[in-house]
Amino acid sequence: MTDDEAAKAVATAIETGYRLIDTAENYKNETGVGQGIRDAGVARDEVFLTTKMNKQWHSVDGARRACEASLERLGLDYIDLFLIHWPDKDRPFSEPMEVLEEAKKAGKIRYSGVSNFSVDMMAECRESSPIVTNQIGYHIFDRRPEAEVMPFVRENGMGIMAYGSLSHGLLTGTWG
């Protein structure tokens, strides 16, 4: 999808009532998404934008650059929810969480969260940052998060953002 196509899709979605836009750096569409938000003709605070940094957070400087780069590509003043896309089990989670806290204090992001993190990983993150959500794969054929992840999230006043809820196309009739 080109930036122009992404911008048109996002603007149309917002014009028809969508208010949550979820993207990621590695989807390669942040420029178009930001343009679509600006083109939609609504106030910035009427759209909740989530984006995710990829593996740049392998260093503190990389995490800072990822946040700055997303803001630049989006062409927006702030990101509502900034997630770490995938866990890096070889680094302490306190490092990127501290960067996200700095970004909150600077007004660059409003909330921080994670994607695809286990309960232990979320607990470690929460020692440095009050993450508000975990974006997880969840659908009728994969209900594993119900055992541990969802109870932890509930107990800690967090939210779940599910992806793949149509079983990655299986429930749409795309697959036989």
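The values are calculated or read from the model by the stated rules, or taken from the named source; none is laboratory data. Not measured: the values here are computed from a predicted model. Here the Cβ is made from the backbone with ideal geometry for all residues, glycine too, and neighbour counts use every protein chain on show. Side chains included, ligands, DNA and RNA excluded: accessible areas come from the protein's heavy atoms. Shrake-Rupley method; radii C 1.70, N 1.55, O 1.52, S 1.80 Å.
A single entry from Asp120, Asp45, Asp39, Asp80 fulfils the requirement of being at pLDDT 95 or above and touching a helix residue (DSSP H, G or I) at 6+ places or on another chain (Cβ under 6 Å): Asp39. Checking each residue of the range 126-144 against the condition of being assigned to a loop (DSSP other than H, G, I, E, B), in contact with a Cys (Cβ under 7 Å, 6 or more places away or on another chain) and at pLDDT 95 or above gives at least one match. Count of the range 114-124 residues, restricted to those that are free of Cβ contacts under 8 Å to residues at least 40 places away in the same chain and not in a loop (DSSP other than H, G, I, E, B), is 7. Annotation: of all residues in the range 151-176 being among the aliphatic types (A, V, I, L, M) and over 20 Å from Leu20 (Cβ atoms), the one that is modelled with the lowest pLDDT is Leu170. For the range 2-46, the tally of residues that are open to solvent by less than 60 Å² (accessible area, probe 1.4 Å), closer than 21 Å to Trp86 by Cα, not small (Gly, Ala, Ser) and not in a helix (DSSP H, G or I) stands at 3. For the range 95-115, filtering for residues that are surrounded by fewer than 17 Cβ atoms within 10 Å (Cβ to Cβ) and of a type in the set (S, T, N, Q) leaves 0.
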